[in-house]
Amino acid sequence: MAKIVEARLTDEFIGSAGIPGIIHSKFRTVLNILFRMPTGSSRLITIITPGTKGIPDSITVTEKYFARISLLPIGSKLLCKNLIIVFENIPETLEGNIHCLRQSELVIKSTVEKMLGTPNFVHYFKELELLSIKYCRNNGFSIWNIQRKNQIATDMQSFAKAWLKHDIAGMETILLKHIGRGIGLTPSCDDAFLGMIAVFSAARLYADTPVETIEKGLRCWKDLLAIESLTPLAKLLINRTTDVSLKYLCCSQEGRFSDAVINLMGAIFSETGENLEIYMESVALVGESSGMDLLFGTEIACLELGKTLDYAKNDF
């Protein structure tokens, strides 16, 4: 018997009915399992080792057990029942605690008291510029010529403006236009949208943050459109991007993000910007360009949110 170190799963996995699955894809440090859920769409769950940052829809196992299951070929079958996982070609079971961890909100409870509703956007933009210089890291948008890059940036700004106006149709049109575009296992545009979703989801936590009255009568950030208002992304974006990218986008619609993204949001929306540099760096170093792509999206969302604040008029 091997133990699950941590399970970041939703309650569907606690049920007594067995959920069949297969090994979907394998990489050096992660392994993805595709589960055929009893109801709804399939779920892609990532198996990681304790050294990997916590991510939504993941199961953490020991390095020794990870090495064992990594030897199994793609397509290998397994069955999950009450967080007891049986791989077809491994005799021992993988057993976990019945209590599943769920990131149902963007809040980190240990830091929410420090989030005072006066976002440190100006500090964030300065740090983002320094970060790019420090690592000389281009984001995935650097593969395009200047005209294409400018058009994508303009469309993403329109996505953010549509969000502020509660324009669901406009948001979905732009998503469908750009999802799946760019380099990476999670394409560049997808990562940028993920960053925007994180920022706007975080902003809704600050109900007492006053803003200018704009179209649709937005008076404070609690009135922001919830991402759940869109068509379920599993349905809207099916067959438009990679399975891995769709997983993270679907998780974001449920309010579930990686530890790195949650920590970054906590720093952006705190008055002091405590540990901002550390958390930005943690995100920036993810993947070849994924982290920088996500920061590109957060920059656009922060810029548009900043325009709604009285104090920000002279800073943006």
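Since every read-out is calculated from the coordinates, none of them should be taken as a lab result. Here the structure is a predicted model, which means the values were calculated and not measured. Counting neighbours? That spans all protein chains shown, and the Cβs are built from the backbone with ideal geometry, glycine included.
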Exercise. Which value in nm describes the separation of the simple spin-label points at E277 and S70, placed 7 Å from the Cα toward the beta carbon?
Worked result: 3.4
Exercise. Using the count of nearby Cβ atoms within 10 Å as a rough guide to exposure, how do H24, H178 rank from fewest to most?
Worked result: H24, H178
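Which order do the peptides 223-234, 296-307 take when ranked by the mean count of other beta-carbon atoms within 10 Å per residue, highest first?
Listed from highest to lowest mean packing, they are 296-307, 223-234.
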Seminar exercise, completed: Interchain or sequence-distant (5+) residues whose placed amide H lies within less than 5 Å of the amide H of I47 are L31, N32, I33, I59
For this session: Kindly flag which residue pairs out of K77/K149; K53/K307; K3/K26; K81/K177; K3/K77 have an alpha-carbon separation exceeding 31 Å in this structure.
Result: K77/K149; K53/K307; K81/K177
Problem set entry | Using a Förster distance of 22 Å, the FRET efficiency for A234-A169 (Cβ separation, nearest 0.05) | 0.70
Exercise. Calculated FRET efficiency, T154 and L176, Cβ-Cβ r, R0 22 Å, to nearest 0.05?
Worked result: 0.85
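Could you give the length gained on full extension between F125 and K77, defined as 0.36 nm per residue of separation minus the Cα-Cα distance, in nm?
12.6 nm
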Problem set entry | Karplus-derived HN-Hα couplings along region 74-83 (A = 6.51, B = -1.76, C = 1.60, θ = phi - 60°), whole Hz, x at Gly and Pro | 4, x, 4, 8, 8, 9, 10, 9, 6, 6
Exercise. So what are the ³J(HN,Hα) numbers for region 43-52, from phi and the Karplus equation (6.51, -1.76, 1.60; θ = phi - 60°), rounded to whole Hz, Gly and Pro as x?
Worked result: 10, 9, 10, 9, 9, 10, 9, x, x, 8
